1. Please list, by residue number, everything in region 1-40 whose backbone N is under 12 Å from a paramagnetic label point 7 Å out along Cα→Cβ of residue 67.
2. Explain nothing, just the number: dipole magnitude of the chain about its Cα centre with +1 on each Lys and Arg Cβ and -1 on each Asp and Glu Cβ, in debye rounded to the nearest 20.
3. With the crude spin-label approximation of a point 7 Å out along Cα→Cβ, what separation in nm comes out for residue 101 versus residue 75?
4. Using only Cα atoms, find the angle between the long axis of helix 49-61 and the longest principal axis of the chain, and express it within 0 to 90 degrees, rounded to the nearest 10.
5. Could you order the peptides 2-12, 75-85, 91-101 from most to least packed, using the average number of other C-beta atoms within 10 Å per residue?
6. What order do you get for 45-51, 13-19, 66-72 when each peptide is scored by the mean count of other beta carbon atoms within 10 Å, highest first?
7. How many nm is it between the label spots at residue 86 and residue 3, if each spot is 7 Å from the Cα in line with the beta carbon?
8. Leaving out same-chain residues fewer than 8 places away, which lysines sit with a Cα under 23 Å from that of residue 101?
Amino acid sequence: MMADPNAKKLFWFLFAGSRGGMNRISIIELLIQQPYNINQLSDIIKIDYKAIQHHIHVLEKNNLITKEGEKYGILYFISNYLEANMEAFREVINKIQKSKKK
């Protein structure tokens, strides 16, 4: 899959343009390392299961993550789209994190 020239716009919208952006960044960062289910993500990030469910839905809807399995056995992975646009993701995340430190 080729990099999407519009990926940066999507990343700015999902991670800087909304309140849950930092939580979504945390979820993606964890999924880059290994697949997790919603319960595991909730335990690690220390936010409510329902909130994780919401962020997972938003990330899935925007093709940044995929899932395998059924019901409670569902594991989430980063998508091929995100892998193809990892450079743009890192660039946007670095800018967001720098601006938060000011």
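1. 37-39
2. Result for the chain is approximately 640 debye, rounded to the nearest 20.
3. Label-label distance for residue 101 and residue 75, simple model: 3.3 nm.
4. 60 degrees
5. For the peptides 2-12, 75-85, 91-101, the packing ranking is 75-85, 2-12, 91-101.
6. Final packing ranking: 13-19, 45-51, 66-72.
7. 1.3 nm
8. Excluding near neighbours in sequence, the set is 8, 9, 46.
Read-outs throughout are calculated quantities, based only on the coordinates presented, and are distinct from any laboratory measurement. Fair warning: this is a prediction, and the values are worked out from it, not measured in the lab. Note: ideal-geometry Cβ built from the backbone for every residue, glycine included; neighbour counts use all protein chains shown.
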